[in-house]
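Asks: Dumping the structure here so I can ask a few things about it.
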Amino acid sequence: MRDKGRITAWVFLVFSWSSLSVTQAAGEELFLFGKHLFLKINASKFEEVLFSSAEVVIAEYVEFVWRRVRAAAVVPALRAAVAVCLGLSVMLLAETIYLNVVSIVVMVLRRKPERQYKWEPFQKDDPEAGSLAFPMVLVQIPMYNEKEVYKLSIGASCRLAWPTDRIIIQVLDDSTDSSIREMVEEECSLWAAQGHNINYELRDGRKGYKAGALQRGLARSYVSHCEYVAIFDADFQPEPDFLLRTVPFLVHNPLVALVQARWEFVNYKECMMTRIQRMSLDYHFKVEQEGGSSAHGFFGFNGTAGVWRVSALNDAGGWEDRTTVEDMDLAIRACLRGWRFIYLGDVKVKSELPSTFQSYRDQQHRWTSGGANLFRKMGLDIIKAKEVSLWKKVYLIYSFFFVRKIVSHFLTFVFYCLVIPLVAFFPEVEIPPWGLVYVPTVITLFNALRNPSSIHLMALWILFENVMAMHRMRAIIAGLLEMGRVNDWVVTKKFGDAADAMPKSDKHKACRFRFIDRIYWAELGLGIFLSLCACYNLAFSRNYHYVYMFMQSMAFSIVGLGYVGCAVPSSL
């Protein structure tokens with residue numbers, strides 16, 4: 001063994017010295033290791049290391065290389081990542097403060113749309129004009145195998161307080177299930193028998209998905225005289241006065257193309273995941289939509305619960321199916337043509353939140369990848385647009401797209417789920433307290449300020465949003481690079497009143513499946529990674545990052561084991 005070790009050590013030294021004449025860089029590294037091997041150890045262990053087995057020499061070499069790579073590449077890369085994330089944190093903080101200040105000023109000064117825009121109610125009892133005082137309105141209801149909710153939107157639309165001879169209801173059915181088609185058509189026939197002008201439109205294929213169905217509906221000759229079009233997804237239930245409160249803004253303000261109402265959720269108490277969704281969407285409507293509408297006359301159309309001016313829709317080029325966010329696409333194109341949008345926070349339309357984790361993931365992937373893909377396709381068009389101001393271009397590119405659609409999701413996942421945990425293994429890399437604590441705290445406080453009734457759920461909201469950031473990050477990459485599932489359109493599963501009507505025993509029976517089927521492996525794997533980082537931090541570091549990492553690890557693990565949302569297999 002001593003002879004074997006002696007030969008190994010001397011051969012390694014000779015090879016390292018001779019390699020200097022081959023490649024200087026490689027030779028220097030090997031020669032430095034030779035010095036490390038023979039000069040690092042003290043005299044008492046020199047013989048033991050020198051004449052040890054070849055495995056020990058290799059282990060020493062691996063350790064030496066890792067230390068060199070760590071100092072020369074890994075630590076600088078991690079410091080650069082921290083610096084980038086801190087810069088993005090400042091950008092996100094500035095955006096959050098700006099939008100919140102705008103929305104708070106609007107709330108404090110009571111600058112409601114009725115005070116900013118001309119608005120007059122329709123005269124119902126005008127004997128001369130009669131129903132002609134009301135403009136022609138088209139109501140479109142796109143649906144796809146909506147067995148559980150089709151009656152909700154059709155019934156609510158037929159109950160709208162509007163002269164029956166001045167409204168056309170159009171049910172755009174892309175269902176592939178023949179039994180569902182028959183049920184939807186029968187429902188339309190029942191309302192038609194009661195005197196409502198309702199039309200059932202069936203397509204053989206799903207070309208263009210929702211955008212294709214809406215565009216085909218507008219092409220029908222019997223709707224050519226409609227001035228405005230209201231859109232409601234299959235689970236949306238507008239109040240009877242919806243058109244009376246929204247259409248006047250379009251009638252009296254010729255530059256306004258869209259009036260968007262706020263969503264209200266009938267099932268937000270169903271589980272913890274739906275409560276958290278409500279917090280995120282309430283913030284979206286109260287801050288992002290309110291701020292964009294008040295300061296810029298623009299926001300992203302939510303795809304439903306809104307009324308469009310048909311001439312503005314056509315002027316923007318109509319519906320496009322090039323991304324999975326056809327609503328946002330149309331809104332951007334209309335904005336670039338100089339049209340303005342109004343958000344009405346006081347007008348609420350009932351709808352349903354995704355109650356299963358798989359449905360929520362699919363919905364978020366469609367929204368996030370579609371937004372990133374639209375940014376890729378329309379960034380240059382925004383820059384070249386001649387009918388909008390430079391300030392609005394900056395708002396669209398920087399605020400609306402880059403910060404909100406890209407930075408927010410990238411930062412949430414990369415910084416809080418990867419960089420901070422990895423720093424635990426590299427004590428020479430430091431994260432300043434303002435970036436680690438103060439910035440996220442301020443952002444969270446702003447969210448809590450706009451969701452006072454849910455302040456007790458803020459910690460859970462943060463942890464769950466970090467989990468979802470992993471999926472949104474993958475969606476961003478797919479959207480920007482146009483790869484993977486970028487064009488996948490998965491309709492969000494809805495339950496309507498079926499879940500409440502189902503007997504309790506049937507609910508439990510429906511949730512019986514193998515434990516392995518409920519596991520989400522990506523979330524579970526990241527939960528294990530965060531747990532290891534937290535344990536290392538607890539054992540060897542002087543900071544308290546492990547507190548956050550243990551909590552985030554639990555969040556990923558709980559989601560990974562399928563204990564979030566309604567219990568259904570992850571494969572569904």
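The values are calculated or read from the model by the stated rules, or taken from the named source; none is laboratory data. Just so it is clear, the model here is predicted, and its values are computed rather than measured. Here the Cβ is made from the backbone with ideal geometry for all residues, glycine too, and neighbour counts use every protein chain on show. Note: areas computed on protein heavy atoms with side chains; ligands, DNA, RNA excluded. Shrake-Rupley method; radii C 1.70, N 1.55, O 1.52, S 1.80 Å.
Asks: Leaving out ligands, DNA and RNA but keeping every protein chain, what accessible area does Leu344 have, in Å² rounded to the nearest 10, with a 1.4 Å probe?
Replies: 10 Å²
Asks: For labels at Arg216 and Val101 in the simple 7 Å Cα→Cβ model, what's the distance in nm?
Replies: Between Arg216 and Val101, the label points sit 4.9 nm apart.
Asks: May I pose another question? Provide Ile231, Ile97, Ile198 ordered by accessible surface of protein heavy atoms (probe 1.4 Å), highest first.
Replies: Working: Ile231 0, Ile97 65, Ile198 20 Å².
Putting Ile231, Ile97, Ile198 in descending order of accessible area: Ile97, Ile198, Ile231.
Asks: Give me Rg/Rg_expected for the stretch 206-296, where Rg uses Cα atoms only and Rg_expected = 2.2 N^0.38 Å with N residues.
Replies: Output field value: 1.34.
Asks: Accessible area of Lys147, 1.4 Å probe, to the nearest 10 Å²?
Replies: 120 Å²
Asks: Write down the Å³ per residue value for the convex hull defined by the alpha carbon atoms of the stretch 401-466.
Replies: 100 Å³
Asks: Please list, in order, the residues from the stretch 256-299 whose amide nitrogen is less than 12 Å from a point placed 7 Å along the Cα→Cβ vector of Trp391.
Replies: Counting only backbone N, you get 295-297.
Asks: If you don't mind, another one. Mind giving me the nanometre distance, one decimal, between the label points for Val74 and Ala133, set 7 Å out from Cα along Cα→Cβ?
Replies: The answer from the label model is 7.7 nm.
Asks: Sticking with the crude label model, points 7 Å out along Cα→Cβ, report the distance from Arg115 to Arg485 in nm, one decimal please.
Replies: Using points 7 Å along Cα→Cβ, the separation is 4.5 nm.
Asks: Turning to a different aspect of this structure: How do His409, His225, His471, His456 stack up against each other in accessible area, from largest to smallest, with a 1.4 angstrom probe?
Replies: Correct descending sequence by accessible area is His456, His225, His409, His471.
Asks: Can you give the FRET efficiency to the nearest 0.05 for Tyr398 and Glu430, using r as the Cβ-Cβ distance and R₀ = 35 Å?
Replies: Working: r = 29 Å, r/R0 = 0.84.
In this case the efficiency is close to 0.75.
Asks: Which pairs, out of Lys384/Lys494; Lys151/Lys405; Lys118/Lys393; Lys269/Lys392; Lys286/Lys393, put more than 32 Å between their alpha-carbon atoms?
Replies: In this structure, Lys384/Lys494; Lys151/Lys405; Lys269/Lys392 lie more than 32 Å apart at Cα.
Asks: Grab the Cα-Cα distance for Ile516 and Leu422, subtract it from 0.36 nm times how many residues apart they are, and report the gain in nm with one decimal. If you can, show how the numbers build up before the last one.
Replies: Values: separation 94, 0.36 × 94 = 33.84 nm, distance 2.95 nm.
Roughly 30.9 nm would be gained on extension.
Asks: Taking every Cα atom in the stretch 151-242, find the radius of gyration and the maximum pairwise distance Dmax, and write them in Å.
Replies: Taking only Cα atoms of the stretch 151-242, I get Rg and Dmax of 12.9, 35 Å.
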